[in-house]
1. Sort 66-72, 119-125 by the packing proxy (mean of other Cβ within 10 Å over each peptide's residues), most packed first.
2. Please sort 218-226, 79-87 by packing, taking for each peptide the average over its residues of neighbouring beta carbons within 10 angstrom, highest first.
3. Hey, quick one: spin label on residue 142, modelled 7 Å out along Cα-Cβ, who in the stretch 197-219 has an amide N within reach, i.e. under 19 Å?
4. Given R₀ = 25 Å, FRET efficiency for residue 86-residue 42 by Cβ-Cβ distance, to 0.05?
5. Please give the length that would be gained between residue 95 and residue 149 if that part of the chain were fully extended, namely 0.36 nm times their separation in residues minus their C-alpha to C-alpha distance (nm, one decimal).
6. For a Förster distance of 35 Å, can you work out the FRET efficiency between the beta-carbons of residue 159 and residue 225, rounded to the nearest 0.05?
7. Would you mind ranking 203, 108 so that the residue whose beta carbon has the fewest other beta carbons within 10 Å leads the list?
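None of the figures in this text is laboratory data; all of them are computed from the coordinates on show. Just so it is clear, the model here is predicted, and its values are computed rather than measured. Positions of Cβ are generated from backbone atoms using ideal geometry, with glycine treated the same way; all protein chains shown enter the neighbour counts.
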């Protein structure tokens, strides 16, 4: 089940249709961020410092640039190969192309198998090259007419304090160069890499209802916002 609400951003932007009621507290949070120019200095889940923000986004409040790496045949690590094998069984890992992403909470791997209408992914709360890395989440989505039918929420992973975090796939706008996932005191910036959907994370998880809320902004190469949405996703089942 998926509910998607799209609203006018309080700092500006175009109106879009709404299918879910706006969350007032989230809108207030976005308003509070409009005038602030703070850059957060943090380490990502692989213990490496976050890369510098792109020049077009350096005025963004509480922003952290995540890391993305496209891997092709011959460049897949043993941990990535184990993800492919767990989800596809008979598909050789050398036949897939994937994008590895590392943010403040963990690692995601997203890949497609040539000739299929599905997208696959694995999640870990550790860095991708960490010895003994294990996958705490596995997701499979269906693509129709080039778009995901469902963002495939996963809330199985937990941080080092035992708190759950949620993740979904977002289809990037054709104009977008960066996807930004906002929450209290943090804006994670995900570079658009290739045609695959982008896996983003949040701490705004409601375990009781098996759902999570994502505030999503999309920016073009000049730093102009081209899309905004509030996505409340529920675990399929």
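1. So the order, starting with the most tightly packed, is 119-125, 66-72.
2. Packing order, densest peptide first, comes out as 79-87, 218-226.
3. Answer for this model: 197.
4. 0.25
5. Fully extending the segment from residue 95 to residue 149 adds 17.0 nm.
6. Plugging the Cβ-Cβ distance into 1/(1 + (r/R0)^6) gives 0.75.
7. Listed from fewest to most nearby Cβ atoms, that is 203, 108.
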